[in-house]
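See structure below.
The values are calculated or read from the model by the stated rules, or taken from the named source; none is laboratory data. Everything numeric here is computed off the predicted structure, so don't read it as measured data. FYI the Cβ positions are ideal-geometry reconstructions off the backbone, even for glycines, and counts take in every protein chain you see. Please note that ligands, DNA and RNA were not included when accessible areas were found on the heavy atoms of the full protein model with its side chains. Shrake-Rupley method; radii C 1.70, N 1.55, O 1.52, S 1.80 Å.
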Amino acid sequence: MNDFVIITEAAAYQIKDMMKENGEEQAFLRVGVKGGGCSGLSYGMGFEQEPNEDDTQFEVHGINVLVDKESSLILKGTKIDFKESLMGGGFTIDNPNAIASCGCGSSFRTAANTGTPEEC
C-alpha cells in the first residue's frame, strides 16, 4: 500500500494525457522535492525511463511512480490533484507535513526541513 503520495483520478488522467502527448507512455512519473523557492523547498514532477537504486516505486491509477529516499519522508501523505477553473487547469499539492508555504503553492517548508529559501 502506498502511503507516500496520493494521486487523485483527476490528476492521474491529466498525467496520462501528458505522457501520451510527450511519447512517454512507458515512463515513470518522478515526484520529488528540491531546495529552493521562497519558502525553502519546491515540488518537482517529471518523467524518467529508469528508477534509481534508492527510489521507492509504486503504482497509482496505472501510473508507475518514483520517489527518492530523501523526498519520501517529506512527501509522506501528500495528495496531488488536478483542478479546473475559469483561468485554466493546474495541479494542486496538499502536503500535511508543510508548516509554511508561499502564494505560488509550489514552495513550502516542514518542521524538520527548511530547505534553501530564495528570493521570489
ask   = Could you list, in sequence order, the residues of region 66-100 that are over 14 Å from Ala12 (Cα atoms) and of a type in the set (Lys, Arg)?
value = Lys69, Lys76
request  = Tell me, yes or no, whether region 54-65 has at least one residue that is without any contact (Cβ under 8 Å) to a residue 24 or more places away in the chain, over 22 Å from Glu9 (Cβ atoms), out of contact with any Phe, Trp or Tyr (no Cβ under 9 Å at 6 or more places or on another chain) and outside any strand (DSSP E or B).
outcome  = yes
inquiry  = What are the pairs with Cβ atoms under 9 angstrom where one residue, in region 70-81, is free of Cβ contacts under 8 Å to residues at least 60 places away in the same chain and closer than 7 Å to Val33 by Cβ and the other, located anywhere, is of a type outside the set (S, T, N, Q) and open to solvent by 90 Å² or more (accessible area, probe 1.4 Å)? Sequence gap at least six, or different chains.
reply    = Ser71/Lys34; Ile74/Ala112
query = Is it true that some residue in region 23-40 is at pLDDT 75 or above and among the polar types (S, T, N, Q)?
reply = yes
query = Considering only residues of region 68-112 that are on the phi > 0 side of the Ramachandran plot and assigned to a loop (DSSP other than H, G, I, E, B), which is modelled with the highest pLDDT?
reply = Gly77
inquiry  = If the requirement is being touching a strand residue (DSSP E or B) at 6+ places or on another chain (Cβ under 8 Å) and surrounded by 13 or more Cβ atoms within 10 Å (Cβ to Cβ), which of these qualifies: Asn64, Asn52, Asn22?
reply    = Asn64
